[in-house]
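The values are calculated or read from the model by the stated rules, or taken from the named source; none is laboratory data. If you're wondering where the values come from, they're calculated on a predicted model, not measured in any experiment. Cβ placement follows ideal geometry from the backbone for every residue including glycine, while neighbour counts extend to all protein chains displayed. Ligands, DNA and RNA are excluded from the accessible area calculation, which covers all protein heavy atoms including side chains. Shrake-Rupley method; radii C 1.70, N 1.55, O 1.52, S 1.80 Å.
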Amino acid sequence: PGLRGEYYQSRGTNKADRLGHYCSDTYMDFDFGESGPVPTISADQFSIIWEGGLVANDTGHYEFRISTPNGARLYINLDPRVGQRKLNDFNAPLAGQQALIDDWVGSGTMRERSARIFLLGGRTYAIRFEFFKYFDKTASVKLEWKPPHGIWSVIDYNDTTTHRPPRVFVSKTPFPADDHSLGYERGTSISPEWQTATSGAAVEAATEVVRRLP
């Protein structure tokens, strides 16, 4: 359980210049104050990458929220095949690696950023959470989520794993309700709405495959 954390000493635009520590973190709420995150890393500039899997128990929209005075990015359901191990201000996002929340420019004052994403229940999604401090006075970061019909809570060991799963295809095409006419589970005909929905979902699936081909 938990997310694998890699702690780096930063140097200028190279946010991951030297790996100084790694461990499994089980509660995504950190207050480093004016100190470094571990004794082997100085406090002036450092970064942390957390990676692993996030378990979604229910189908629906999940909300995520980052609280920090520093810089942070959150990726949900990314494609780990194209993930870059190094953090750099000039890295352009690759296909399957767009950040759900990108708040990379720190201000030195506490702020919150949130976003939501539709996930299918019963699946584990790849998660990558990046954080860095660059000559700010203090460093802290908190990652929370709000599952469907749930409340805001800090992401912890109950819903995470250090195993990094592959990307999951999630269709965003809305489907009409099933037709229960004539006593059958589904109706005896295909409505124009169903035909439009299945065609749209097929295009989504084909696009996903093409983008992920080596």
**Message:** I need every pair where a residue in segment 113-135 that is closer than 15 Å to I76 by Cα has its Cβ under 6 Å from the Cβ of a residue that is open to solvent by 70 Å² or more (accessible area, probe 1.4 Å) and part of a loop (DSSP other than H, G, I, E, B), sequence separation at least 6 or different chains.
**Reply:** L120/T59; G121/N57; G121/D58; G121/T59; A126/R164
**Complete:** With criteria (1) closer than 21 Å to P80 by Cα; (2) touching a residue at least 12 places away in the same chain (Cβ under 8 Å); (3) not in a loop (DSSP other than H, G, I, E, B), T207 comes up short on (2)
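Determine whether W145 is touching a residue at least 60 places away in the same chain (Cβ under 8 Å) and in contact with a helix residue (DSSP H, G or I) (Cβ under 9 Å, 6 or more places away or on another chain). Give the derivation first.
Working: touching a residue at least 60 places away in the same chain (Cβ under 8 Å): yes; in contact with a helix residue (DSSP H, G or I) (Cβ under 9 Å, 6 or more places away or on another chain): yes.
So W145 passes the test.
Can you tell me which residue among D79, D25, D17, D102 is modelled with pLDDT under 95 and either farther than 30 Å from L213 by Cα or among the hydroxyl-bearing types (S, T, Y) (or both)?
Working: D79 fails: either farther than 30 Å from L213 by Cα or among the hydroxyl-bearing types (S, T, Y) (or both); D25 fails: modelled with pLDDT under 95; D102 fails: either farther than 30 Å from L213 by Cα or among the hydroxyl-bearing types (S, T, Y) (or both).
Within the list D79, D25, D17, D102, the selection yields D17.
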**Request:** From Y75, Y62, Y22, Y27, grab the single residue that is among the hydroxyl-bearing types (S, T, Y) and in contact with a helix residue (DSSP H, G or I) (Cβ under 9 Å, 6 or more places away or on another chain).
**Result:** Y27
**Request:** Count, please, the residues in segment 50-68 that happen to be at pLDDT below 95 and within 11 Å of F132 (Cα to Cα).
**Result:** 0
**Message:** Anything in segment 148-207 that is modelled with pLDDT of 90 or more, β-branched (V, I, T) and open to solvent by 70 Å² or more (accessible area, probe 1.4 Å)? List them, or say none.
**Reply:** I151, T196, V203
**Complete:** Expected output for segment 26-37 (first residue under 10 Å from L143 (Cβ atoms), partner of a type outside the set (S, T, N, Q) and assigned to a loop (DSSP other than H, G, I, E, B), Cβ below 6 Å, 6+ apart or cross-chain) is M28/I155
**Request:** Restricting attention to strands (runs of 3 or more DSSP E) lying wholly within segment 16-88, give those where 3 or more residues are open to solvent by less than 20 Å² (accessible area, probe 1.4 Å) and over 20 Å from G150 (Cα atoms).
**Result:** 45-56, 71-76
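Could you tell me which residue of segment 89-99 is modelled with the lowest pLDDT, considering only residues that are open to solvent by less than 50 Å² (accessible area, probe 1.4 Å) and not aliphatic (A, V, I, L, M)? Working first, answer last.
Kept after step one, since they are open to solvent by less than 50 Å² (accessible area, probe 1.4 Å), are these residues of segment 89-99: 96-97, 99.
With not aliphatic (A, V, I, L, M) added as a condition, the list becomes 96-97.
Values: G96: 65, Q97: 76.
Selected residue: G96.
Condition test on I127, is it under 27 Å from E51 (Cα atoms) and over 17 Å from the mean Cα position of the chain (by Cα)?
Working: under 27 Å from E51 (Cα atoms): yes; over 17 Å from the mean Cα position of the chain (by Cα): no.
Considered against the rule, which asks whether it is under 27 Å from E51 (Cα atoms) and over 17 Å from the mean Cα position of the chain (by Cα), I127 comes out as no.
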